[in-house]
1. Can you compute the charge dipole magnitude of the chain about its Cα centre, using +1 on each Lys and Arg Cβ and -1 on each Asp and Glu Cβ, nothing else charged? Give it in debye, rounded to the nearest 20.
2. Out of these labelled values of Cα extents along the principal axes in Å, (i) 73, 37, 31; (ii) 72, 46, 37; (iii) 47, 38, 34, which was calculated from the coordinates shown here?
3. Taking amide hydrogens as modeled 1.01 Å from N in the peptide plane, which residues meet the under 5 Å criterion relative to A157, leaving out close sequence neighbours?
4. Across region 218-230, in residue order, what do the Karplus-derived ³J(HN,Hα) couplings come to in whole Hz, using 6.51 cos²θ - 1.76 cosθ + 1.60 with θ = phi - 60° and x for Gly and Pro?
5. Sorting check: for 120-126, 20-26, which peptide has the highest mean count of neighbouring beta carbons within 10 Å, and how do the rest follow?
6. Give me, ordered by chain and number, the residues 5 or more places off G203 or on other chains with an amide H under 5 Å from its own placed amide H.
7. Which FRET efficiency value, to the nearest 0.05, is calculated for L53 and D242 with the Förster distance at 45 angstrom and r the Cβ-Cβ distance?
8. Given a Förster distance of 22 Å, report the FRET efficiency between V38 and Q69 from their Cβ-Cβ distance, rounded to the nearest 0.05.
Amino acid sequence: MTALTAFLAQHPDAVLVTITQAKGSTPREEGTFMLVSVTEIFGTIGGGQLEFLAIDNARALLSGSGQTQMDVPLGPEIGQCCGGRTLLSFGKVTPPVAADLESRAAAESAAYPAVMLFGAGHVGRALAAALAPLPFRVTVVETRADALDGLPDTVTARHVAMPEALVKDLPSGSAVVILTHDHALDFLIAREALARDDLAYVGMIGSATKRATFKSWLARETEGTVSSEALVLPIGGRAVRDKRPAVIAALVAAELVTRLAGTS
């Protein structure tokens, strides 16, 4: 069950708030929506005073008053300084509206770039958690079944004997992040990924020494037909020298957002 489906099931009496027009500098773009019930909200139209006004109006609509449209200038009048203008529409969530929202959400999710994480050790699990709320379709691959326990609900877990065999089935524009417990397996997966020229990102956890060893191994194994130049190693960059899994995960998540932005 998705977060949207769960919210709609738990809060059938809700109002859909949609940005129908965004002019100038605005916190969110046209088409962005949020759901407001008497006690909870789902999503955001940008926060700040604009969102407070929208929530108040949506709840007024639920109680029998409120407006179906609001034209809000994002200036001193409401304590914001974006300088743009946002037109909001409000409507109660009916079964057809709920079905349309879920259909739209499913289509949007299906268009997200695929990110395949090989390895569910400390860093792999931290990275899966960091990527779970982001606009990616995340899969974690492991040879150890018990390592896949407790991953986020939005992440797909795959227990396989030969992880490297999955690389060929990834759609173009996907990302591969290699963080297994076995350097030999890392090298096999990386060789398969680098043999493709249509992946958006191929990264491997490790050091400069590991990169040099892999480069030499790859040249020997492929007789120079596959280059290691596209490999991101170490992942997360060198600006922050902190090896805690959560920190590495944050840095790699930022790398992936930067690399994959606009591909969905």
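Read-outs: derived from the displayed coordinates by stated rules, not from any lab. The structure presented is a predicted model; accordingly, all values stated were derived computationally and were not measured. All Cβ positions, glycine included, derive from the backbone under ideal geometry; neighbour counts span all protein chains shown.
1. So the magnitude is around 660 debye.
2. Here Cα extents along the principal axes in Å agrees with entry (i).
3. It is V140, by chain and number.
4. Values per residue, Gly and Pro as x: 5, 4, 6, 5, 10, 6, x, 7, 10, 9, 9, 4, 7 Hz.
5. Values: 120-126: 21.4, 20-26: 15.0.
The densest-packed peptide leads the list: 120-126, 20-26.
6. V176, V177, I178, V232
7. About 0.65, to the nearest 0.05.
8. Efficiency for this residue pair is about 0.55.
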